[in-house]
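S.K.: Next up is a structure, given as structure tokens.
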Amino acid sequence: MCGIVGYIGPKEKKEILLDGLQELEYRGYDSAGIAIVEEGALHHFKAVGKLENLRRKTENFTSSGFGTAIGHTRWATHGKPTELNAHPHLGKFSYVVHNGIIENYQALKRELQEEGIDFLSQTDTETIVHLFEKYYTETQDAFEAFRKTVEKLEGAYATLLITEVAPDTIFFAKNGSPMLIGFDGDDIYFASSDTAVIGKAKEVYYLEDGEYGYAKSGKVHLFDANGEKEFTCKPLPADKLSAQKEGYRFFMEKEIYEQSEVVGDAMLGRVQDESIYFEELSEGFFDGIEAIKICACGTSYHAALTASYLFERIAKIRCEVEIASEFRYKEPLLSSDTLFVTISQSGETADTLEALKMAKRAGLKSLTVCNVDNSSIVRESDTAILTRAGIEKGVASTKAFATQTMALWMLVLYIGEKRGTIDKETLCREIDAMRHVPKALKVTDTLHARIHRLSKRYLHGHGFFFIGRDIFYPLALEGALKLKEISYLHAEGYPAGEMKHGPIALADSELFTIALMPKTMHYEKIKSNVEELSARDATICAISPLPFELADDFIPTTFDTHPMVEFFEMMVITQLLAMEIAIRLGNDVDMPRNLAKSVTVE
Ligand code: F6R
């Protein structure tokens, strides 16, 4: 997601910032900006889109004297990706960059506005710079003003501030979002991840939550709740690729762990107290819409299938799902009261894009749920809901699926509310469940260790069946897809009730069944389906909050009050299981054979 860099010293600051931001590109962003204080004067540049645009804007600017500098790449959460919303944010004489979320920004903003302060952007970040300037005006002491500002902030943040009133100083604070300080002699660097300073700084200090302070004249003054403190630096890792993985063995692993955070980001500003809000959907967008047709491929198709259950059950709107490559050649009958929805992580999948073009030619209104702004599918669609997962590097999709499913669930509630097919009580219940999802997505050490341990029993056999009912059927399909993509073992997803219509013929002790057994959805029915398999000696790995005595292996879940929360928790388990099996088999989890991240050919 967003990236931060900072520098104090005599070197060419523009290049240090732009190079640092380039190294953070892998995290994803949709706008970027830099600010520099040099010889007492502030300079700043911002651009929407790629860093190239920012480079072009700064072509004729150089910054070679001693000064302070901060830069940022932003992935839009509060407010659209525009120049005004891009960081650094400006007050009257200071600039700030920030990662994370200031949870109490609305209250702080209201207070500041009541005191006559104007806000230029829709971001939570801008409150930081106005608070600082207000306290500076009161105290005439820049560090005291910064300390008082930090004291007011609630939520997660990593922030840097520079100001004309202390032109040789960078103020910093960290709570919940990552930030480090890098050192090379008297030159001091800041960054949200060490890739940005590899090759520049020699050693680093990784800030802890609650730490803040200032850097000046080659020295960092570090504080926490107990006052000023000493700190010890570590040598900087030399390998950029492993630094990008942030300590995880594979990008896929990092992305699985990130799901809790990115799903939270996908909900930001959209899940409100008693309603769902999408700033990208105009009032009346769904007027005249009586049905939904979703087209997608692979994992995105599984998110679509999941949503189709919810659209019909909760929003009471007809919903059909088609694999894009099939849809294109079946000469489908399309009617203009149908909303055509595409789902795509990359926004470049050829079959999905062509299906969308066909639907548009037939006069259908279109909406895409996509992770990449300005991608071909986003540009081709009437409107887009961005999933905000950040760049997904692992070829096997994980966090994209999680955010797609969350975005679609929110869309179901939004449409249900607009059509009046969902009552307040149901809406509030769904929203309450939604708020539990980031917790259900957290990977605990115990869970990961358990899956790692039992994965050794699943490295052979003649195949896997992932089975589930209702929304857990698309999850079974997705679990099987993950496993086959990275382990190269044969796996199929099946509706549990369908096994007896043929597939059960395969059952024996070498057939592994991964049974998704949620408590809140047809538990007794799936239980009897699994019993049928067990009676034929199939090896059963049950995933459930309820103990199941016929299971050969059992992975207990903890959330058992809403099917969607159970869904997300089980999703993480199937992803980890696939990954641990693939790692034991010695496969390249991030780049499985024969696969590409973006499929731009038919
Ligand atoms: C599976 C996977 C693929 C993609 C499919 C569609 O892990 O990544 O199945 O889901 O190629 O790609 P997008 O979502 O980019 O349209």
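S.K.: Select from the stretch 368-402 the residues that are surrounded by fewer than 20 Cβ atoms within 10 Å (Cβ to Cβ) and acidic (Asp, Glu) and write down the one among them that is farthest from Gly269 (Cα to Cα).
M.R.: Glu380
S.K.: Going by the structure shown, is Lys46 outside any loop (DSSP other than H, G, I, E, B) and over 24 Å from Glu151 (Cα atoms)?
M.R.: yes
S.K.: Which of the residues belonging to the stretch 403-431 are under 16 Å from the mean Cα position of the chain (by Cα) and buried (at least 24 other Cβ atoms within 10 Å of the Cβ)?
M.R.: Thr403, Gln404, Thr405, Met406, Ala407, Trp409
S.K.: Please go through the stretch 556-588 and pick out each residue that is more than 25 Å from Gly264 (Cα to Cα), in a loop (DSSP other than H, G, I, E, B) and in contact (Cβ under 8 Å) with a residue 40 or more places away in the chain.
M.R.: Leu585, Asn587
S.K.: Continuing with this model, one more query. I'd like the residue in the stretch 514-532 that is within 14 Å of Lys500 (Cβ to Cβ) and polar (S, T, N, Q) and, out of all such residues, is surrounded by the most Cβ atoms within 10 Å (Cβ to Cβ).
M.R.: Asn529
S.K.: Within the stretch 158-216, can you find the residues that are in a loop (DSSP other than H, G, I, E, B) and touching a Pro at 6+ places or on another chain (Cβ under 6 Å)?
M.R.: Ser192
S.K.: Scan the stretch 5-16 and tell me whether some residue there is of a type in the set (Val, Ile, Thr) and surrounded by fewer than 23 Cβ atoms within 10 Å (Cβ to Cβ).
M.R.: No: zero hits.
S.K.: Kindly indicate which of Leu90, Leu84, Leu54, Leu24 is more than 20 Å from Ile188 (Cα to Cα), buried (at least 24 other Cβ atoms within 10 Å of the Cβ) and in contact (Cβ under 8 Å) with a residue 12 or more places away in the chain.
M.R.: Leu54
S.K.: So is Gly100 crowded, with 18+ Cβ neighbours inside 10 Å, under 18 Å from Phe172 (Cβ atoms) and touching an Asp or Glu at 6+ places or on another chain (Cβ under 8 Å) or not?
M.R.: Taking the combined requirement at face value, the residue does not satisfy it.
S.K.: Restricting to the stretch 325-351, name every residue that is more than 25 Å from the chain's Cα centre (by Cα) and either among the hydrophobic types (A, V, I, L, M, F, W, C) or not in a loop (DSSP other than H, G, I, E, B) (or both).
M.R.: Ser325, Glu326, Phe327, Leu333, Leu334, Thr338, Leu339
S.K.: Still on this structure, I have one more. Might you let me know whether the stretch 436-448 holds any residue that is at pLDDT 95 or above and more than 25 Å from Ala396 (Cβ to Cβ)?
M.R.: Scanning the stretch 436-448 turns up at least one residue that is at pLDDT 95 or above and more than 25 Å from Ala396 (Cβ to Cβ).
S.K.: Can we say Met591 is surrounded by 16 or more Cβ atoms within 10 Å (Cβ to Cβ), in contact (Cβ under 8 Å) with a residue 60 or more places away in the chain, within 16 Å of the ligand (Cβ to nearest atom) and not small (Gly, Ala, Ser)?
M.R.: Judged against the criteria, Met591 is a match.
S.K.: Among the listed residues Lys456, Lys439, which satisfies the condition of being out of contact with any Asp or Glu (no Cβ under 7 Å at 6 or more places or on another chain), more than 29 Å from Ser528 (Cα to Cα) and more than 16 Å from the ligand (Cβ to nearest atom)?
M.R.: The conditions single out Lys439.
S.K.: Could you list all residues from the stretch 279-298 that are among the aliphatic types (A, V, I, L, M) and not in a strand (DSSP E or B)?
M.R.: Leu281, Ile289, listed by residue number.
S.K.: Scanning the stretch 262-278 for residues that are within 17 Å of Tyr105 (Cβ to Cβ) and part of a helix (DSSP H, G or I), which turns out modelled with the lowest pLDDT?
M.R.: Within the stretch 262-278, the match that is modelled with the lowest pLDDT is Asp265.
S.K.: Another one. Can you pull out the residues in the stretch 83-99 that are over 16 Å from Gly28 (Cα atoms) and assigned to a strand (DSSP E or B)?
M.R.: His89, Leu90, Ser94, Tyr95, Val96, Val97
S.K.: Considering only residues that are under 22 Å from Ser598 (Cα atoms) and more than 16 Å from the ligand (Cβ to nearest atom), which ones fall in the stretch 322-357?
M.R.: Tyr329
S.K.: Out of curiosity, is Ser509 at pLDDT below 90, within 16 Å of the ligand (Cβ to nearest atom) and not assigned by TED's automatic domain parsing to the domain that holds Cys297?
M.R.: No; evaluated as a whole, the condition is false for this residue.
S.K.: Could you say which residue among Ala538, Ala515, Ala582 is within 16 Å of the ligand (Cβ to nearest atom) and either in contact with a Ser or Thr (Cβ under 8 Å, 6 or more places away or on another chain) or in the same structural domain as Gly461 (by TED's automatic domain parsing) (or both)?
M.R.: It is Ala582.
S.K.: Go through Leu367, Leu386, Leu408 for me and flag whichever is within 21 Å of Gly288 (Cα to Cα), of a type in the set (A, V, I, L, M) and within 14 Å of the ligand (Cβ to nearest atom).
M.R.: Only one candidate qualifies: Leu408.
The values are calculated or read from the model by the stated rules, or taken from the named source; none is laboratory data. Because the structure is predicted, anything quoted here is derived from the model rather than measured. So basically every Cβ, Gly included, is an ideal-geometry build from the backbone, and we count neighbours across all protein chains shown.
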